[in-house]
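Accompanying notes for the structure given below.
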Amino acid sequence: MIIDIRDEYHNHIEEAAKIIEKGGLVGMPTETVYGLAANAFDEQAVASIFEIKGRPQDNPLIVHVDGILMARELGELSEKAQVLAAEFWPGPLTMVVKSTGRVPVSVNAGLDTVGLRMPDCDAALSLITAAGVPIAAPSANKSGSPSPTTAAHVAADFEDSLTVLDAGECRIGLESTVIDMTREVPVILRPGAVTQEMIAACIGEVDCANAFTPFEGDKPAAPGMKYRHYAPKADMTVVEGQPASVTEAIKYLYDKDLKKGEKPLVLALQENKRYYGRRDLAVTGSIRDASETAKNIYALLRRADEEGYSKIYFEAVPKCGIGFAVMNRVYKAAAYNIVKV
Ligand code: AMP
Ligand code: MG
């Protein structure tokens, strides 16, 4: 059931907090993507997150807090972690720190660390405060499908079985940056809106785990990195290179698909839209700023599936700013099916 919380805000938050207190799950808005929220201290509630998402047990959940005090109860914040919290919380940064043992290990997939984040979203913060407990919340989608950026996306994956707090479209649209603060030199495990440059400007040296090649072997830096993610049902290809070559390549591949009876869709940049004529197309954003593309990409992938497209061609965005995270996600969504021209 979707509940629009933009009116009667406090009543709806109180009701949702009661569900959390009783061990239930709630679809929770955040500035990144919608989360599937449960009391992080309640092992059974946490188990039900894994179950209804179909999430592998070795993929830990992020724990959402309403401030630095709650964070300190759950994890040991180093000096650098405190600097990052002061700079980027509330905001799209998850810090992996040593667990104090307060959160059950099922949340952390058996690790001795915990991923902590203070979201920059009034509804999420009010819900945590009202429930009086930290909230474990992965993205509120079935495992493997694109993350939800609207309440309707959450409802589509979990039907009527779930109460979803609707606070509108997510402002950022991509999952948080995840950084491992337990290393001498912190490592970005998953890129996001808080970039490597932004972090380096605060704490100096910071590494980034490989964001653009598939994980091989069996011990990834972050457990979630080994799973296929964010993927539409359609067969997706990322095309990158000089803009003129990209549009030419996509037109060629698109027309070949049409002859084979496929139903292709171009996910194009605003600047290139006019080159595609009457071909089926949706605009992701602008080449100058990837934040629109970040905000739109998951909704576009979901819509492509709903409308029965069998092929998707995605025009690459520059890998700078949030474009770095956008490309990390679309590579995964396309199962590393990349055409360089
Ligand atoms: P999701 O909740 O779907 O956005 O996924 C959360 C991601 O955060 C996981 O896939 C992990 O990569 C990362 N994460 C959360 N907690 C930890 C942790 N304790 N250690 C390493 N990675 C973590
Ligand atoms: Mg997820």
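Table for the structure above
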| read-out | value |
| --- | --- |
| Flag for ALA211 being within 16 Å of ligand 1 (Cβ to nearest atom) and either modelled with pLDDT of 95 or more or over 30 Å from SER139 (Cβ atoms) (or both) | no |
| Helices (runs of 4 or more DSSP H) wholly inside region 219-334 containing at least 3 residues that are under 27 Å from VAL154 (Cα atoms) | 291-306, 323-333 |
| Segments classed as strands (runs of 3 or more DSSP E), wholly inside region 1-106, with at least 1 members that are of a type in the set (S, T, N, Q) and within 24 Å of the chain's Cα centre (by Cα) | 35-39, 93-99 |
| Tabulated pairs, region 165-189, first farther than 27 Å from SER99 by Cβ, second among the basic types (Lys, Arg) and assigned to a loop (DSSP other than H, G, I, E, B), C-beta under 8 angstrom, 6+ apart or interchain | ASP166/ARG6; ALA167/ARG6; GLY168/ARG6 |
| For GLN57: the one exception among (1) in contact with a strand residue (DSSP E or B) (Cβ under 9 Å, 6 or more places away or on another chain); (2) over 19 Å from GLU175 (Cα atoms) | (1) |
| When residues of region 142-161 are limited to those that are assigned to a loop (DSSP other than H, G, I, E, B) and modelled with pLDDT of 95 or more, the one surrounded by the fewest Cβ atoms within 10 Å (Cβ to Cβ) | THR150 |
| Residue within region 111-123 that is in contact with a Cys (Cβ under 8 Å, 6 or more places away or on another chain), within 16 Å of ligand 2 (Cβ to nearest atom) and either among the acidic types (Asp, Glu) or at pLDDT 95 or above (or both) present | no |
| Among the residues listed as GLY192, GLY144, the single one being within 13 Å of ligand 1 (Cβ to nearest atom), under 17 Å from the mean Cα position of the chain (by Cα) and at positive phi | GLY144 |
| Looking only at region 190-206, and only at residues there that are assigned to a loop (DSSP other than H, G, I, E, B) and free of Cβ contacts under 8 Å to residues at least 40 places away in the same chain, the one that is farthest from TRP89 (Cα to Cα) | GLU205 |
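Results for (1) within 28 Å of PRO186 (Cα to Cα); (2) of a type in the set (D, E, K, R), shown as yes or no for each residue.
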site: ASP7; (1), (2): no, yes
site: LEU25; (1), (2): no, no
site: ASP42; (1), (2): no, yes
site: LYS80; (1), (2): yes, yes
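The values are calculated or read from the model by the stated rules, or taken from the named source; none is laboratory data. Everything numeric in this text was worked out from a predicted model, so none of it was measured. Positions of Cβ are generated from backbone atoms using ideal geometry, with glycine treated the same way; all protein chains shown enter the neighbour counts.
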